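Asks: One structure is given below, represented as structure tokens, and several questions about it will come after.
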Amino acid sequence: MVSIPVLGKARSYQVNPSKIIALGLNYRSHIAESQSVKARGLPEGAPKEPILFSKTPNVLIGAGEPIVIPAFLLEYEFEDFRTDYEAELAVIIGKKCRNIPPREAFEHVLGYTCFNDVSQRNIQHGDRSGWFRGKSLDTFGPIGPQIVLHEDIGDPQNLRIQCRLNGRTVQDACTAQMIFPVQDVIAFISKNFTLMPGDIIATGTPGGVGRIGHGDVVEVEIEKIGTLSNPVVEEWMQ
């Protein structure tokens, strides 16, 4: 559980989702580089429907908390060790919904915040079961720094999204570039799984993903929301 302030409200929201559903390949700029990191199960070209995967709630940490790359990964002796940042817009569900049409999707949204879909690429590529484990290691889901309610965000499909690594801009895009827009994503997911209040949808990352390591600082900034900043720690360096 992570406590996140709500913009304009004298309260915080306890983020404790029953599930975190994330999208793969939702920006065309990310598709080619995804092929280059050789993640399993990637389609050729743009997907015909949203590519979904889960992250478990143990990934969640707040602003300022460290992303910890676990020491057990050294046991694999990976030839090209790689853990990546991925800046994303996160949607927090406010009302239970199932099998809703896109036109009703925003009625079920509480608000929006920044998310970093940290990904262990070697595990993501190598696991026969797919992306689950490489996406769900402890601390691999920083979220925050605040929630902006749906009625205050304006158009969630017109927000600049950036990532900075040690102060250098490495991702810079707009949510308008999503292949599947937010309301379509919510509707599609609700066909497959009942969405509950507090559930999180991570809407995909634009091009520019890259490696993180000990001592790095990753910042995810989204227009109208703010900046989520987290240091990176390699567990064996502590």
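The values are calculated or read from the model by the stated rules, or taken from the named source; none is laboratory data. Remember, predicted model here, so these are calculated numbers, not experimental data. Cβ coordinates were reconstructed from backbone atoms using ideal geometry, including for glycine residues, and neighbour counts include every protein chain displayed.
Asks: Just one of the numbered conditions (1) out of contact with any Asp or Glu (no Cβ under 8 Å at 6 or more places or on another chain); (2) within 26 Å of MET1 (Cα to Cα); (3) assigned to a helix (DSSP H, G or I); (4) not β-branched (Val, Ile, Thr) is not true of HIS125; which one?
Replies: Every condition holds for HIS125 apart from (2).
Asks: Tally up the residues in the range 51-105 that are out of contact with any helix residue (DSSP H, G or I) (no Cβ under 7 Å at 6 or more places or on another chain), within 22 Å of SER129 (Cβ to Cβ) and in a loop (DSSP other than H, G, I, E, B), please.
Replies: 5
Asks: Hey, can you tell me all the residues within the range 168-214 that are in a loop (DSSP other than H, G, I, E, B), touching a strand residue (DSSP E or B) at 6+ places or on another chain (Cβ under 7 Å), of a type in the set (Ser, Thr, Tyr) and more than 19 Å from ILE67 (Cα to Cα)?
Replies: THR203
Asks: Considering every residue within the range 121-129, establish whether at least one is polar (S, T, N, Q), surrounded by 15 or more Cβ atoms within 10 Å (Cβ to Cβ) and in contact (Cβ under 8 Å) with a residue 40 or more places away in the chain. Can you show your working first?
Replies: Our first condition is that a residue be polar (S, T, N, Q); within the range 121-129, this holds for 122, 124, 129.
Pick out the ones that are also surrounded by 15 or more Cβ atoms within 10 Å (Cβ to Cβ) and you get 122, 124.
Within this subset, residues satisfying the condition of being in contact (Cβ under 8 Å) with a residue 40 or more places away in the chain are 122, 124.
Looking for residues that are polar (S, T, N, Q), surrounded by 15 or more Cβ atoms within 10 Å (Cβ to Cβ) and in contact (Cβ under 8 Å) with a residue 40 or more places away in the chain, one finds at least one in the range 121-129, hence yes.
Asks: Select, from LEU110, LEU137, LEU149, LEU60, the only residue that is modelled with pLDDT of 95 or more, under 25 Å from VAL6 (Cα atoms), buried (at least 22 other Cβ atoms within 10 Å of the Cβ) and not β-branched (Val, Ile, Thr).
Replies: Exactly one of LEU110, LEU137, LEU149, LEU60 is modelled with pLDDT of 95 or more, under 25 Å from VAL6 (Cα atoms), buried (at least 22 other Cβ atoms within 10 Å of the Cβ) and not β-branched (Val, Ile, Thr), namely LEU60.
Asks: Within the set of pairs 6 or more residues apart or between chains, which connect a residue that is surrounded by 12 or more Cβ atoms within 10 Å (Cβ to Cβ) inside the range 92-103 to a residue that is polar (S, T, N, Q) and part of a strand (DSSP E or B) with Cβ atoms less than 9 Å apart?
Replies: ILE92/THR113
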